[in-house]
Amino acid sequence: MAQAAQGHFHARHDVTTEISLLLSEIRRLIKSSGPMPVWRYMELCLMHPQHGYYVSRDPLGREGDFTTSPEVSQMFGELLGLWAASVWKAIGQPPLMRLIELGPGHGTMMADALRALRVLPPLYQSITIHMVEVNPVLREKQRATLSGVRNITWHDTIDDVVEGPAVIFANEYFDVLPVHQMVKRETGWHERVVELDANEKLVFGAAAEPTPRFEVLLPPLVRAAPVGAVFEWRPDAEIMKVARRVRSQDGAALIIDYGHLRSDAGDTFQAIARHSFADPLKNPGQADVTAHVDFQALTRAAEDVGARVHGPVTQGDFLKRLGIETRAVTLMGKTTPEVSADISNALKRLTDSGRGGMGSMFKVLAVSEPNLTSVAGLSDEAASSEAEE
């Protein structure tokens, strides 16, 4: 499972003073408090108040470290806009609808979604936009991208968004939430840590003592993993927050990310810098550090709080069911051969399973209030027939 997200691609950065400061800080913490759990290291790399990767820079696009689906083609955001419209209709066309995006990047996806929604004036007039974003650099990009949009508000957390019916988008959001790694030893499952070697270089290790009764919580497939296996898990707090909101206040959330359909052992902790892989322990704060999303764990947590789950299915299947191929043909019929070729390439990138394609590695899961029995592009029947990864 330790492979790159194929929407995410890299080169080495020079170590800067800023990065050296974060590395120095991590070394100091390890010396004073002992080895650091992987989840804490990841949290510092991404969210350190001064030197965290997501706090101070624009990581997206050609000049950044990776490219996401909305940056590949306008078709992605347009189809998500139409998906939101289908949810709005299914829940009775409420007079006020919140459109919430978690980690909205440059605002490209929201802009494309809103363009698609303009064809439905009753819905477009009912929408308020809520962008959950902590990065001040990206907030400014989003303001520029969405400069003509009314009724838009920025928030640090979804907790701050006013209550009421909502459609929530989370595209490549869960993969950057800090992940715990556990290593199986003869003595049990030990928390994986980051520590210092004799030369003060960051290296992986494991806690001396096993985590008591950890195996009791594990799916049978993981429990049977061999000694030396790594298992990754994330706390359920974020998915439960989203699930509780749509369960109690009407609406649905759409989660799109790279990951696996069922809980299994495997080390997917990785760093992406300048569209290539990097060593996640080198130059902390300078690269995007992520781990694959466990969609079975998301499903279990959402169902545990009483929400209904739809899917997961692959991104390729989801977009095809929403009509991306027809949309591509329509766009290609209105433009030059050069632009048509770009549209065709974007379609392949978003839906294909081969090298460079995002179609099968990325999965799509919807979480809704219990009475919403089906949603566009996803259904319980479709999910049960999906081949396991």
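For this structure, a couple of remarks:
- Once divided by 2.2 N^0.38 Å, the Cα radius of gyration of region 155-222 becomes 1.70.
- Surface analysis of the chain yields an accessible area of 42 Å² per residue, using protein heavy atoms and a 1.4 Å probe.
- Computed label-point distance, nm, for sites Lys241 and Asp197 using a 7 Å Cα→Cβ extension: 3.8
- Pairwise Cα inverse-distance average, inverted: Kirkwood Rh of region 59-203 (Å): 17.4
- Size of charge dipole - the chain - debye, nearest 20, with Cβ of Lys, Arg +1 and Asp, Glu -1, no other charges: 540
- For region 280-352, dividing the convex hull volume of the Cα atoms by the residue count gives 164 Å³ per residue.
- Quotient of the Cα radius of gyration of region 317-378 and 2.2 N^0.38 Å, N being its number of residues: 1.37.
- 25 °C / 0.890 mPa s Stokes-Einstein diffusion coefficient of region 243-389, Kirkwood radius on C-alpha pairs, µm²/s: 143
- Shape of region 184-301, Cα gyration tensor, a/c cut at 1.5: oblate
- The amide H of Thr153, built 1.01 Å from its N in the peptide plane, has Ile129, His130, Met131 as neighbours under 5 Å, considering only residues 5 or more places off or on other chains.
- Listed residues Ser379, His155, Leu120: farthest to the positive end of the dipole of the chain (Cβ charges): Leu120
- Region 96-204: relative contact order as a whole-number percent, Cα under 8 Å and 6+ apart: 30
- Taking the Kirkwood radius as Rh and the Cα radius of gyration as Rg, region 126-189 has a ratio of Rg/Rh equal to 1.20.
- Dividing the summed helix terms, -39500 (n - 2.57) for each DSSP H run of n ≥ 4, by the number of residues in the chain produces a 222 nm estimate of -10500 deg cm²/dmol to the nearest 500.
- For region 149-233, GluC sites (Glu not before Pro) meeting the loop criterion (DSSP other than H, G, I, E, B) and having at most 13 other Cβ atoms within 10 Å: Glu163, Glu186, Glu200.
- The trypsin sites (Lys or Arg not before Pro) of region 111-144 that meet both conditions, a loop assignment by DSSP and at most 11 other Cβ atoms within 10 Å of the site Cβ, are Arg118.
- A DSSP coil position with no more than 10 other Cβ atoms inside 10 Å describes the following trypsin sites (Lys or Arg not before Pro) in region 309-341: Lys334.
- Candidate cross-link partners of Lys282 among the lysines, defined by an alpha-carbon separation under 30 Å and a same-chain spacing of 8 or more, comprise Lys31, Lys141, Lys184, Lys201, Lys363.
- For region 254-381, the share of accessible area belonging to carbon and sulfur comes to 48 percent (1.4 Å probe, ligands and nucleic acids excluded).
- Cα-centred dipole magnitude for region 34-178, charges only on beta-carbon of K, R (+1) and D, E (-1), debye, nearest 20: 420
The values are calculated or read from the model by the stated rules, or taken from the named source; none is laboratory data. Note that this is a predicted model, so its numbers are computed, not measured. Ideal geometry is used to build each Cβ from the backbone, glycine not excepted, and the neighbour counts take in all protein chains shown. Accessible surface areas use protein heavy atoms only, side chains included; no ligands, DNA or RNA. Shrake-Rupley method; radii C 1.70, N 1.55, O 1.52, S 1.80 Å.
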